[in-house]
Each structure stands twice: as structure tokens, then as C-alpha cells.
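So the structure is just underneath, and the comments pick up after that.
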Amino acid sequence: MSFTETDFELVEKFNSGSEKAFNEIVKRHRQKIYWHARRMTANHLDADEIVQEVLLVLYKKLGGFKFKSSLYTWIYSITATRSINFIKRRKLKEIFSFEDQPDAALKNDDDIIESIEQREKLLRLEKVLQKLPVKQREVFIMRMYDALSYEEISRITGKSVGGLKANYFHAIKKITELMKENE
Amino acid sequence: MNRDDIFRFLGGLMSDEEKISFEERLNKSPMLQKEFNDVKNILREFKENDSIEVKEDYFNNILPRFREKLEKKKSFTLVPKYAAGFAIVILLALTAIFILNEKEVDESAIAVNDEYNYEAVDDYLKSYSTLSSTIISDSIYNEDVIDSLIADELNLQEHSLEYAVSSYLPAEVYSYSNEEAEIIYHELLNKKIL
């Protein structure tokens, strides 16, 4: 499987029955999927669950993908939706649970980050992100970490550019206030 | 509102003219510059955390674990279909067994077993026979009307009444009209058989 194969070629091969083509698509996008989910949920295990969900959706729906957008946009869109749905489910569980739920950012026993220093730094930033409303968090992550334009984010999320700009404005304002409080 | 202008500038919410105006103010104001740099440094901290060293095994294992789950899902999805089909078959079999085993009513047995009412029937029918001789018969066959009325009053099943009545009643009884049957019925009630 050549690294220079385009996404289109890989999808065509998958539709012809090539499982290797699917594997190659996953290899190209798995880190993006994981890190978006990780930043949205602030938890490795939750992010891992979302990754598996996204791959399952990908596997089932790739055959029907018609390249109306880029494959990257489509995969990111699935990841963003699954992440938000997961967070909503987690919130419901917390509401209906009679036990105190530990902070999501603290459930990192199985974290994959090797350096303790980096893990603690990430934990601090994840705690701040978790205080943002989900929509603000999402656009902040896409702008900050993936350097996506508002137009690209609009294609991924289906939200208007104006709405995304407003969410980003409030996100960076809130983050600045929270980080100053933590100093 | 300097701080909000900083966020609007960094968020790309300013028009071109607004950006130019803001940059001019930024150049002229050290305080604004300091606030602007503080915000940028905070945001940079998030960006720097983008490159984190992680256990590479994790990403290498994502696909094999996914394949494993996929295989399990494929085998699991078959079971509910078979379970549903099996449940329907069981339900149909139970329904068929129930219908086939429904007991047929043994009329003669019931008639014989209604012993507790037999004496009352006996007395009643003797008086009924006397009454019936005064009634003019009709061409209309009213066996069912009479039987159901009498059976109802004596708290008997119709078929057991038929068994008992056939021993006593003259044939004319079964050819009474509706009106005649009603008269007989009310006269029987007045005789206080029950």
C-alpha cells in the first residue's frame, strides 16, 4: 500500500473489498481522531472509546461516502459529533448517578502520556478547557490545535461562520480569565 | 473595552479597518501591548502542548482492537435474529397446543351433574306442563326462546334444561310464538318456582 495513494483511491479500493485500504485510512487519521476526542473529553479512556466508535462508523459508512467533502472533513465531522454525543451521555450518567463522579480530567490511570511533567501540564490545560461550554470548546480546539479556518470548521460542524466566531471569542476570553485565576 | 478588542482581534472578528485601528492603538499603548502579550502567551501555552510524547503502542494497537471488536459484533448480531425467530416458533406452538387441547363440553355430563337443581326442575316442569295445556300452539318454533328463559331462571345451562325438559314438556311447547312465550315466562315467575 503506497503512502502516496490519495484518499479517493483508498476509498475506491475499500469499496472493491480491500481491508488494507481501510487500515491505511485509519493509520492516516487515527491521531487526529484521538486528540480531538481527548481534548474534548479530557480523558484518555473516554477518548479511546470515541476512537473505536468513530472507526466503526467509518467502516460502516465509508462505502456510501461520495466525496462531497474531503475525507478528512468527513472523518473530523464524525469525530466531532461522536465526541459531543459522548459528553452528553456522560453528563446524563452524572445526573442520574447517586455516586459522586470523579473529575473527568482526574481519571487518567491508563494515560498514554509518558512524561509526568507533560501529563501534569496537559491536565492543567484540560481542566480549563472542561470549564468551557461544549460548543466553545469544540471551536477553540479546532482553531488552536488544527489551525482550521472558520469556513472549514463550518463545513465540519454545520454551524455558521458568524456563530463560530462568536463562540471562539467567548472561548478565548473565558480561557484567559481562568488561566489568570489559576496563576 | 481594550480586552474585548484584544479577543476580537485574535478571534478574527474585526473588519480590515478595525484591525488597522487596533494595531495603531497597540503601537501607541504599552499597557495595551502588555495585556495583548499576556493573552497571546496564554494561548501559546495551549498550542505548545500540541506536541506531546505518547506511548506509540497505543496508536499501533487501535486497529487490531477495532478488528477484534468488529468480529465480535458480527457474531453477536446473528443471535438476536435467531432468538426472535425461536421465540415466535415457541409462541405459535403453545398457541396451537392450547387450541387443540381445549376441552369439548360434555353436555350429558353437565346435565347429569346439575343434580342440585334437578328437584327444582322437576317441580317446575310439572306445573309448567299443566300451564302449557291451556296455550294454543303456533306455527312458530320457539324452543330456543323458552329454553333460554327457563334455563336462565333456574340457573341451568340450556343444554341441561333441554335434557330435563324433553322428559316432561309436550311438543306444543316448542311451537309457541314470542308473545306466548313471554306470557308463559311471566306466569312462571309469578308461580315463584325459584
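Of the helices (runs of 4 or more DSSP H) lying entirely inside region B:1-59, the ones with 2 or more residues being closer than 29 Å to A:Val51 by Cβ and out of contact with any strand residue (DSSP E or B) (no Cβ under 8 Å at 6 or more places or on another chain) are found at B:30-48.
Taken over region B:1-33, the residue count meeting the criterion of being surrounded by fewer than 12 Cβ atoms within 10 Å (Cβ to Cβ) and either within 15 Å of A:Met179 (Cα to Cα) or more than 13 Å from chain A (Cβ to nearest Cβ) (or both) is 8. When A:Leu132, A:Leu178 are checked against the criterion of being more than 10 Å from chain B (Cβ to nearest Cβ), of a type in the set (A, V, I, L, M) and in contact (Cβ under 8 Å) with a residue 12 or more places away in the chain, a single residue qualifies: A:Leu132.
Rule-based calculations on the coordinates, nothing more; no lab input. The model shown is predicted, which means the values in this text are computed figures rather than measured ones. Because the Cβ atoms are built from the backbone with ideal geometry, glycine has one as well, and the counts that use them run over all protein chains shown.
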